[in-house]
Number of protein chains: 2
Amino acid sequence: METIRSTRALQARADKLRQQGRRIGLVPTMGALHEGHLSLVDAARARADFVVVSIYVNPTQFNGAADLEAYPRTVEADLAACEAHGVDAVFLPSDEDLYPEGAETWVESTEISKPLEGASRPGHFRGVATVVSKLFLAAKPHVACFGEKDYQQLAVLKRMTRDLGFDIDVVGVPTVREADGLALSSRNVRLTPEARTEAVVVSRALDAAASAVAAGEFRVEALQHLVQTELDKSVLGELDYAEFRCAESLAPVTDVLDRPTLLALAVQFPSKDGDPVRLIDNRVLETSPS
Amino acid sequence: METIRSTRALQARADKLRQQGRRIGLVPTMGALHEGHLSLVDAARARADFVVVSIYVNPTQFNGAADLEAYPRTVEADLAACEAHGVDAVFLPSDEDLYPEGAETWVESTEISKPLEGASRPGHFRGVATVVSKLFLAAKPHVACFGEKDYQQLAVLKRMTRDLGFDIDVVGVPTVREADGLALSSRNVRLTPEARTEAVVVSRALDAAASAVAAGEFRVEALQHLVQTELDKSVLGELDYAEFRCAESLAPVTDVLDRPTLLALAVQFPSKDGDPVRLIDNRVLETSPS
């Protein structure tokens, strides 16, 4: 497995691979790799023959120094996991490489970045779009894989890719879950044991809504009530948002579900380190029989 | 000469050229080609073996519908000039191609876009950076050439290219001038005959400042006075700005010139069509003997 530490070196490698007619797959990560990330590697492997995993904790997508500091960093274990999973190259850029002195250039998809996480975390998706643009330009991939757990992130990056004309296939990969349903997240390790137990309510709330929709309940208010009932089974969790949005545009869906609708949840739980952990999860509610 | 009308088709062509080991040079233009543009083609030819000229009047960099409407469009003559000048391919994208429905993604270098043209034309450089990003992603060039006449545009695009990590060499090409010194511009054809005659004061003001600096005058106030004296020789011209800025960062230079300093001028003149023509020109004043 190759370890590449600069944009210039990765670009030179990508040029060579492309001249050889090889297909490059990119999996952008912030490290602290878990099975969810490895499923992204599998998805990239299925679509490309040279898989690059980037590991970079991007400061511009964090809203507070505390969350940035608290973000888990496990580079040695990450490298071992990549090696064991057959990754071809890991890209480990420095801050100076991705944000040279005086860096002041931003990429932003303005509308799709506004609701949900964008409302809770001002500037978050500007940071995401900017760093992913840099990673795209560095790795020159044919395909890039992102988890559906971060649904809005995926929607923002698809929009950005289409709007700017990146010649890259952006692929969403289904969320990987613990046995009890909790979506895998690098932040889960920070949960207190009690919070980890109660965090199951997040996926159960999504299940409850999906079951109700499958049974013909399309009224947003009724679904909202079901979600709240499930979330209320946790005493530690504190709801940030539970929203119904058009799965394509993220425009609000009010009244009744009349098209594929994203149910997006964000709930805060207590952490071992004192700063609360914000967990997000989502489900696309299909309104017609699949 | 090839004519290519979609981003997808240009990307496919660029991929093939790159696989053949050929070097691609891009000259982004808004058409209405003159000798200045052709000097950009020459500069690209000297650095690449496949030269693409893009012709696209980018709506997002205009501030008013009037200026956008008044911008000269001479596509047939442009194609003939490109053909005669040995251009390999002309890229003629549609609005829908570069700005698909719901396009909302912007690229912006925030600080370097603020003074000078950025102050006079809010959003102008966001439009420029966005469209040039799209053209870069479409043509996948090794090198791209821009005129030094639009000095701040060149500075913005160099900053954007560095910050985002575009693997492209951005080259500035010296301004081409009429016999009397007027910088070539697609807007010059709109000047009334009287305005065309008087417009020579712009380059003369730059000459006066450069001569004074060469003779040891480094005081901004004295140079400003010299510039004003030259501009006052035109009764039709109306000064928008005359500014001294660090040639690298565009930070203001006050008091004395202590480093290479951009003198940037913008002057409005009457046009045949009624809407005034804004002419810009500049000179980098070298403070040490070259």
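The values are calculated or read from the model by the stated rules, or taken from the named source; none is laboratory data. Bear in mind the structure is a predicted one, so any value in this text is a computation, not a measurement. Virtual Cβ from ideal backbone geometry, glycine too; neighbours counted across all protein chains shown.
Just to be sure, is residue B:120 hydroxyl-bearing (Ser, Thr, Tyr) and modelled with pLDDT under 95?
Numbers: hydroxyl-bearing (Ser, Thr, Tyr): yes; modelled with pLDDT under 95: yes.
Answer is yes for this residue.
Selection within the range A:92-105: residues that are away from every other protein chain (no Cβ under 12 Å) and either in contact with a strand residue (DSSP E or B) (Cβ under 6 Å, 6 or more places away or on another chain) or outside any helix (DSSP H, G or I) (or both). The member of this set that is surrounded by the fewest Cβ atoms within 10 Å (Cβ to Cβ) is A:94.
Conditions first: (1) touching a helix residue (DSSP H, G or I) at 6+ places or on another chain (Cβ under 9 Å); (2) within 14 Å of chain B (Cβ to nearest Cβ); (3) at pLDDT 95 or above. Residue A:19 passes all but one, so which condition is the exception? Every listed condition holds for residue A:19 apart from (3).
Within this structure, residue A:84 passes the test of being surrounded by fewer than 14 Cβ atoms within 10 Å (Cβ to Cβ) and at pLDDT 95 or above. Residue A:17 passes every criterion in (1) in contact with a strand residue (DSSP E or B) (Cβ under 6 Å, 6 or more places away or on another chain); (2) closer than 29 Å to residue A:276 by Cα apart from (2).
For the range A:108-167, filtered to residues that are in a loop (DSSP other than H, G, I, E, B) and among the aliphatic types (A, V, I, L, M), the residue that is farthest from residue A:243 (Cα to Cα) is A:112.
For the range A:208-245, filtering for residues that are exposed (fewer than 15 other Cβ atoms within 10 Å of the Cβ), under 20 Å from residue A:288 (Cβ atoms) and touching a Lys or Arg at 6+ places or on another chain (Cβ under 8 Å) leaves 0.
Considering A:132, A:52, A:57, which residue is among the aliphatic types (A, V, I, L, M), touching a strand residue (DSSP E or B) at 6+ places or on another chain (Cβ under 8 Å) and more than 22 Å from residue A:159 (Cβ to Cβ)?
Working: A:132 fails: more than 22 Å from residue A:159 (Cβ to Cβ); A:57 fails: touching a strand residue (DSSP E or B) at 6+ places or on another chain (Cβ under 8 Å).
Only one candidate qualifies: A:52.
Which residues, counting only those in the range B:247-283, are polar (S, T, N, Q) and modelled with pLDDT under 95?
If the condition is that a residue be polar (S, T, N, Q) and modelled with pLDDT under 95, then B:249, B:254 are the ones that fit.
Residues in the range B:106-128 that are within 13 Å of chain A (Cβ to nearest Cβ), out of contact with any Asp or Glu (no Cβ under 6 Å at 6 or more places or on another chain) and without any contact (Cβ under 8 Å) to a residue 60 or more places away in the chain: 5 in all.
I'd like to check which helices (runs of 4 or more DSSP H) are fully inside the range B:178-269 and have at least 2 residues that are within 28 Å of residue B:38 (Cα to Cα) and not assigned by TED's automatic domain parsing to the domain that holds residue B:115.
Numbers: elements: B:193-198, B:200-214, B:220-231.
Where helices (runs of 4 or more DSSP H) fall fully within the range B:178-269 and carry at least 2 residues being within 28 Å of residue B:38 (Cα to Cα) and not assigned by TED's automatic domain parsing to the domain that holds residue B:115, they are B:193-198, B:200-214.
Among the residues making up the range A:114-166, those that are among the polar types (S, T, N, Q), more than 16 Å from residue A:60 (Cβ to Cβ) and out of contact with any Gly (no Cβ under 8 Å at 6 or more places or on another chain) are A:120, A:161.
For (1) more than 10 Å from chain B (Cβ to nearest Cβ); (2) out of contact with any Lys or Arg (no Cβ under 6 Å at 6 or more places or on another chain); (3) without any contact (Cβ under 8 Å) to a residue 12 or more places away in the chain, each residue gets a yes or a no:
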position	(1), (2), (3)
A:138	no, yes, no
A:141	yes, yes, no
A:146	yes, yes, no
A:155	yes, yes, no
A:164	no, no, no
A:171	yes, yes, no
